[in-house]
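Below is one structure; the comments refer to it alone.
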Amino acid sequence: MTAKIPPSMDKWMEEAKKDPKAAEVGMYLFHNGVVRQTPRDLVREGIDKGTSVKGMEFSYDNEKVQIAIEDAYKLPGIYYIKVWLNEGRLSLGDDIMYVLVGGDIRPNVINALQSLVEQIKTQCVLEREI
């Protein structure tokens, strides 16, 4: 399976600003995860095995992603969420995921984005560095 074509962030913002709850939103925040060359073990744990990432196999459980989105909507001040996840064999620099969160104030939006991305990364996806 080859990677999907990523969506347009401009179009996402156009859609978000037309949403019925848009008048409640004072901030939108994006996350764009991409495939990097540095292995996860080195970045997160400081463990250098002398290897470089050449790509990634990526998949996700859509039901779990929907639950993560529902959970994020329960956080204070969150009115808009959109998530796109890639899948298949990804190359360096390919987009892994886009997440857009809109909410009332900066602390609420930052918290919701961090919480949602963390839940997706830890509970919804399978990543295998190549």
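Just so you know, all these numbers are worked out from the coordinates, no wet-lab data involved. All of these numbers come straight from a predicted model, not from anything done at the bench. Here Cβ is always computed from backbone atoms with ideal geometry, including for glycine, and neighbour counts include all displayed protein chains.
May I ask you to verify whether Tyr80 is in contact (Cβ under 8 Å) with a residue 24 or more places away in the chain, in a strand (DSSP E or B), surrounded by 15 or more Cβ atoms within 10 Å (Cβ to Cβ) and in contact with a Lys or Arg (Cβ under 7 Å, 6 or more places away or on another chain)? Explain how you work it out, then say what you get.
On the way: in contact (Cβ under 8 Å) with a residue 24 or more places away in the chain: yes; in a strand (DSSP E or B): yes; surrounded by 15 or more Cβ atoms within 10 Å (Cβ to Cβ): yes; in contact with a Lys or Arg (Cβ under 7 Å, 6 or more places away or on another chain): yes.
Yes: the conditions hold for Tyr80.
For residues that are surrounded by 13 or more Cβ atoms within 10 Å (Cβ to Cβ) and of a type in the set (Lys, Arg), scanning just region 1-39, find the one that is farthest from Tyr79 (Cα to Cα).
Arg36
Test Leu75 against the criterion of being under 16 Å from Ile120 (Cα atoms), in contact (Cβ under 8 Å) with a residue 24 or more places away in the chain and part of a loop (DSSP other than H, G, I, E, B), and give yes or no. Explain how you work it out, then say what you get.
Numbers: under 16 Å from Ile120 (Cα atoms): yes; in contact (Cβ under 8 Å) with a residue 24 or more places away in the chain: yes; part of a loop (DSSP other than H, G, I, E, B): yes.
The answer is yes for Leu75.
Got at least one residue in region 104-116 being under 15 Å from the mean Cα position of the chain (by Cα), of a type in the set (D, E, K, R) and not in a loop (DSSP other than H, G, I, E, B)? Lay out the reasoning, then the answer.
Pass one, region 104-116, residues under 15 Å from the mean Cα position of the chain (by Cα): 109-116.
When the remaining residues are screened for being of a type in the set (D, E, K, R), the result is none.
No, because not a single residue in region 104-116 is under 15 Å from the mean Cα position of the chain (by Cα), of a type in the set (D, E, K, R) and not in a loop (DSSP other than H, G, I, E, B).
Filter region 51-73 down to residues that are within 15 Å of the chain's Cα centre (by Cα) and acidic (Asp, Glu) and give me whichever is surrounded by the fewest Cβ atoms within 10 Å (Cβ to Cβ).
Among them, the one singled out is Glu70.
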